[in-house]
Amino acid sequence: MEINKQEFFIPVLSKGYETAVEQGVDTEFTLPDYYPEISKILKIISVVNISSTKCDNGSITVGGQTVLTMLYLGSDENLNSFTHYVPFVKNIEVSSELSGIVSVATQINYMNFKAVSPRKVELHGALSLNISVDKITNNNCLSSCSWEGVYTKNTHSVLVFPMVPISKSVFVSDEISVGDGKTSIGKILRNCANVQISECKCVSGKGVIKGEVIIELLCVPSDNGRPFMIKESQMFSQIFDCDAQGEIITFDVFPHIENIELRPKTALDGEVHTVAFEVKVGLDIMGFYAKDISYVSDAFSCKYLADIKKKKLGVEEYVIGVNDKMLCEKEFDFAGVLKDVLDLYCDVKIDYCTLDVQEMIIKGVIPISIIGTDSQGDYGCFEKLMDFEYRYNLSQKPERIRCNPIANVVAVKYNLKPDGTLCLAVELRIEGNVFGISDTDVVVAMDVDLEKIVNAVENAAISLYFAENESPWEIAQKYGVSPDGICEVNSLENIDIKYKGVLLIPCI
């Protein structure tokens with residue numbers, strides 16, 4: 001019989017590299033002459049924007065900037081702010097064979113600062129870059145093989161495979177206004193932008209992403225009155241090439257802010273009621289497609305000596321796409337230190353996602369920042385943390401899961417009671433695709449030595465009693481006979497059904 005085998009590749013997404021490195025933030029800056037001198041520094045708001053990542057030629061490169069916004073009490077006794085940018089590039093030497101999509105999570109470790117003069121500030125700090133590289137490995141497998149005396153077990157499954165990752169950038173611009181008849185903007189104390197993806201789908205071979213940029217500005221009126229917040233959202237869409245080898249089922253989209261530019265617009269009367277903004281949004285896209293495949297999961301030879309190589313692959317199945325909201329509530333005691341809240345804003349950080357039996361658990365923390373005044377009218381900044389735990393009951397029970405969830409703050413409500421108790425409610429939106437992972441045996445190679453014959457069973461049939469459950473396939477491997485033959489003479493339906501009792505084993 002002529003030797004015949006067919007091979008193909010199973011792409012598997014896996015974690016190729018993980019590390020945490022420290023990036024120093026050592027800088028100094030001087031206030032321009034038109035800024036009030038520093039009387040007291042209240043807080044340095046630190047935000048890290050990642051603008052570029054690359055894994056190539058044995059090196060991981062991460063580029064970005066640390067945005068430092070100093071809130072301070074000026075010599076005029078009013079609230080002021082000044083923003084300073086510290087760019088950085090971090091290089092990490094890795095294996096020259098490593099390639100894939102780079103993900104970076106940032107965390108501020110510490111920021112120590114002091115005013116060395118009424119206009120000059122020195123700052124020494126550090127941030128952590130938690131870097132991971134997801135790689136796609138093409139695993140060689142057998143889809144079929146036909147040799148004399150060789151029996152194979154073929155498995156048919158609809159599996160989920162990753163597409164080549166894509167990175168895109170999109171610019172979103174618009175104007176944000178205080179509204180007609182309202183006070184003019186004297187200065188902007190702080191700004192923040194958030195990106196939310198509403199849809200990502202494939203249409204006629206093209207991927208389409210739709211989303212929204214939400215920008216917030218904390219402003220001080222021109223008369224140095226009470227700070228107020230203005231908010232604006234702008235929709236955007238982005239098209240990208242989407243070439244898959246099967247039916248596309250879902251996308252993971254990870255948006256991040258790369259840069260924000262603000263341009264206050266002065267009217268003819270000298271007042272500022274409008275601020276133009278341009279936000280650069282980075283989009284890391286990973287698509288997944290489903291494909292019906294047949295592969296050899298096990299094999300043995302009953303006539304010739306065979307070298308059969310198998311391995312376990314963590315193949316994936318799509319479980320569900322989570323898009324849910326949760327409400328986090330907590331009370332904080334600010335008795336004697338906080339009389340009035342001028343600004344309260346939240347971030348959200350996910351610590352980990354895990355599986356507990358059939359329940360997905362996402363745990364994280366919500367950092368809370370407050371700008372306020374005490375009973376004496378003095379300004380102060382306060383920081384608190386709120387832990388959260390999100391649980392989602394899955395419809396099936398996978399061996400393990402893979403999910404890279406995203407959490408966004410969609411609403412914040414608070415009430416400061418007369419006794420100093422701050423009642424806070426934060427609404428989160430939790431999103432993420434859940435994939436079930438199972439370790440599957442696949443035959444990656446088989447070589448048969450036609451010059452070496454193995455012993456075959458000589459009896460026409462023998463009786464065998466099983467003390468433990470065994471399948472016809474497992475019995476056939478022991479005796480070097482046909483698994484289908486065992487099923488036929490014993491009226492069994494499937495070579496994988498476990499059986500306990502007496503079976504007839506036909507010879508080859």
message: Being touching a strand residue (DSSP E or B) at 6+ places or on another chain (Cβ under 7 Å) and of a type in the set (Gly, Ala, Ser) is the requirement here; does Ser198 meet it?
response: yes
Scanning segment 1-36 for residues that are more than 35 Å from the chain's Cα centre (by Cα) and loosely packed, with under 13 Cβ neighbours inside 10 Å gives Met1, Glu2, Asn4, Gln6, Pro32, Asp33, Tyr34
Problem set entry | Ser39 among the hydroxyl-bearing types (Ser, Thr, Tyr) and either closer than 30 Å to Ile437 by Cβ or under 34 Å from the mean Cα position of the chain (by Cα) (or both) | no
When every residue in segment 199-235 that is within 21 Å of the chain's Cα centre (by Cα) and more than 19 Å from Ala290 (Cβ to Cβ) is compared, the one surrounded by the fewest Cβ atoms within 10 Å (Cβ to Cβ) is Glu199
- prompt: Quick check, is Val116 under 30 Å from the mean Cα position of the chain (by Cα) and either modelled with pLDDT under 90 or not assigned by TED's automatic domain parsing to the domain that holds Ile350 (or both)?
  reply: no
The condition from (1) within 29 Å of Asp343 (Cα to Cα); (2) among the β-branched types (Val, Ile, Thr); (3) outside any loop (DSSP other than H, G, I, E, B) that Ile239 misses is numbered (1)
>> Looking at the structure I just gave you, is Thr53 in a strand (DSSP E or B), at pLDDT 95 or above and surrounded by 13 or more Cβ atoms within 10 Å (Cβ to Cβ)?
In response: no
Filtering strands (runs of 3 or more DSSP E) wholly in segment 360-454 for at least 2 residues that are under 30 Å from Cys302 (Cα atoms) gives 421-453
From the option list Asp378, Asp307, single residue qualifying as touching a residue at least 12 places away in the same chain (Cβ under 8 Å) and of a type in the set (D, E, K, R) is Asp307
Val337 being β-branched (Val, Ile, Thr), in the same structural domain as Asn404 (by TED's automatic domain parsing) and not in a strand (DSSP E or B): yes
Within segment 341-375, restricting to residues that are of a type in the set (Gly, Ala, Ser) and without any contact (Cβ under 8 Å) to a residue 60 or more places away in the chain, the one that is nearest to Asn78 (Cα to Cα) is Gly372
The condition from (1) assigned to a loop (DSSP other than H, G, I, E, B); (2) out of contact with any Asp or Glu (no Cβ under 7 Å at 6 or more places or on another chain) that Pro36 misses is numbered (2)
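Go through the residues of segment 285-302 one by one and say whether even a single one is of a type in the set (Phe, Trp, Tyr) and in contact with a Cys (Cβ under 6 Å, 6 or more places away or on another chain).
Yes, segment 285-302 contains at least one residue that is of a type in the set (Phe, Trp, Tyr) and in contact with a Cys (Cβ under 6 Å, 6 or more places away or on another chain).
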Going through segment 197-231 in order, the residues found to be within 30 Å of Asp180 (Cα to Cα), not in a strand (DSSP E or B) and not basic (Lys, Arg) are Ser222, Asp223, Asn224, Gly225, Pro227
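To keep it simple, each residue is scored yes or no on (1) closer than 18 Å to Glu399 by Cβ; (2) surrounded by 14 or more Cβ atoms within 10 Å (Cβ to Cβ); (3) out of contact with any Ser or Thr (no Cβ under 8 Å at 6 or more places or on another chain).
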| site | (1), (2), (3) |
| --- | --- |
| Lys330 | no, yes, yes |
| Phe334 | no, yes, no |
| Asp340 | no, no, no |
| Gly364 | no, yes, yes |
| Asp374 | no, yes, yes |
| Tyr379 | no, yes, no |
| Phe382 | no, yes, no |
Can Val21 be described as at pLDDT below 95, part of a strand (DSSP E or B) and not assigned by TED's automatic domain parsing to the domain that holds Asp347? no
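The values are calculated or read from the model by the stated rules, or taken from the named source; none is laboratory data. Fair warning: this is a prediction, and the values are worked out from it, not measured in the lab. Reconstructed Cβ throughout: ideal geometry from the backbone, glycine too, with neighbour counts over all protein chains shown.
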